[in-house]
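Quick notes on the structure that follows.
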Amino acid sequence: MPSGAIEFELEIEQPLATEQSQSESTAASVQPTIESLQNGDRPFVLADSLGQVVSINQAFQQTYGWTEDQLRGQSLSLILPGAFQMSHQLGFSRFQATEQSTILAHPLRLKTVCADGSELVSEHFILGEKTEAGWIFGATLTPLPDGTETDA
């Protein structure tokens, strides 16, 4: 982990079975948005419809060692291990053609490449939103404990 990296605790809320009111049930079913992820405290990256980095937050910079100047305008592949770059590009291209995905809004345990070349297993939670200008993609990349197995 790069020096100065931040550790995050994953909080899992257990719903109360029958004591939950209708309004609480409705609130619990609200899906996160890119804006809510971006404004959170976990490492976050925003990419455009071409898979180019638009921005990262301070938590991303502290955790993975990258600066926004290093990543802005670069392919997301820069933060992926070499073995996954081609499959990422193919999946991204397939999504562009079909607008269907099996990974959006599902947590994935994948490696993230740090600025110093090291790799951290992180939980990637990726959302896509269609705008008038095209698709945008936002993801939180929460580091996981050493020894955590990846999904791919």
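The values are calculated or read from the model by the stated rules, or taken from the named source; none is laboratory data. Here the structure is a predicted model, which is why all the values come from computation and not from measurement. In this analysis, Cβ positions are derived from the backbone assuming ideal geometry, glycine residues included, and neighbour counts consider all displayed protein chains.
Some observations on this one:
- Failed item in (1) modelled with pLDDT of 65 or more; (2) among the small types (G, A, S); (3) in contact with a helix residue (DSSP H, G or I) (Cβ under 7 Å, 6 or more places away or on another chain); (4) at positive phi, with G65 passing the rest: (3)
- Qualifying positions in the stretch 119-152 - surrounded by 14 or more Cβ atoms within 10 Å (Cβ to Cβ) and over 22 Å from D48 (Cα atoms): E119, L120, V121, P143, L144, T150
- Pairs where the first residue, in the stretch 25-51, is within 22 Å of R72 (Cβ to Cβ) and at pLDDT 90 or above and the second is assigned to a loop (DSSP other than H, G, I, E, B) and of a type in the set (S, T, N, Q), C-beta under 6 Å, 6+ apart: F44/N57
- Subset of the stretch 57-77 (residues that are of a type in the set (A, V, I, L, M) and more than 20 Å from G134 (Cβ to Cβ)): A59
- Pairs where the first residue, in the stretch 86-107, is farther than 16 Å from D151 by Cα and the second is modelled with pLDDT under 90 and of a type in the set (G, A, S), C-beta under 9 Å, 6+ apart: S101/G91
- Residue in the stretch 9-20 that is touching a strand residue (DSSP E or B) at 6+ places or on another chain (Cβ under 7 Å), part of a loop (DSSP other than H, G, I, E, B), modelled with pLDDT under 95 and loosely packed, with under 15 Cβ neighbours inside 10 Å present: yes
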